[in-house]
1. For segment 62-85, enumerate the residues that are surrounded by 13 or more Cβ atoms within 10 Å (Cβ to Cβ), at pLDDT below 90 and farther than 21 Å from residue 34 by Cα.
2. Evaluate the following for residue 51: is it modelled with pLDDT under 90, assigned to a helix (DSSP H, G or I) and exposed (fewer than 13 other Cβ atoms within 10 Å of the Cβ)?
3. From the list 22, 14, 8, 59, pick out the single residue that is modelled with pLDDT under 85 and either in contact with a helix residue (DSSP H, G or I) (Cβ under 8 Å, 6 or more places away or on another chain) or surrounded by 12 or more Cβ atoms within 10 Å (Cβ to Cβ) (or both).
4. Name the residues in segment 119-134 that are surrounded by 10 or more Cβ atoms within 10 Å (Cβ to Cβ), in contact with a helix residue (DSSP H, G or I) (Cβ under 8 Å, 6 or more places away or on another chain) and modelled with pLDDT of 65 or more, would you?
5. When you check residue 16 against the structure, is it touching a residue at least 24 places away in the same chain (Cβ under 8 Å), over 23 Å from residue 105 (Cα atoms) and over 11 Å from the mean Cα position of the chain (by Cα), yes or no?
6. Scan segment 48-70 and tell me whether some residue there is within 16 Å of the chain's Cα centre (by Cα) and closer than 13 Å to residue 18 by Cβ.
């Protein structure tokens, strides 16, 4: 059976690229090797099928400070915060690795931390960068 490269009538899947901001760089360095390995597996799967959930992977509740963003657990109390944007190319905007306390989403929730962190995250400039480690 010929693949889509051999058959011009078959639609190519959208191209997906990861982009990251400065918060990602800082938080990745402090996340540790176990989180880094989990993230690499998650990102590989997310690039293949960006609209499917990978592990515990879901949007933040609508209407809150993090509305429009999603998160996926990378460890017991570490999540990658991200956003899918566009179609072709589709971008996975990688905001960073955060604990519930960092995000103000622990028990009890802390609205001031959520507001401050959401504002900081949403003001980031995203760019395609060299893969980590290069």
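The values are calculated or read from the model by the stated rules, or taken from the named source; none is laboratory data. What you see is a predicted model; the values in this text were computed from it and never measured. When we count neighbours, we look across all protein chains shown, and the Cβ atoms used for this are built from the backbone with ideal geometry, even at glycine.
1. Scanning segment 62-85 gives a single hit, 64.
2. For residue 51, the condition - modelled with pLDDT under 90, assigned to a helix (DSSP H, G or I) and exposed (fewer than 13 other Cβ atoms within 10 Å of the Cβ) - is not met.
3. 14
4. Selection gives 120, 121, 124.
5. For residue 16, the condition - touching a residue at least 24 places away in the same chain (Cβ under 8 Å), over 23 Å from residue 105 (Cα atoms) and over 11 Å from the mean Cα position of the chain (by Cα) - is met.
6. Yes.
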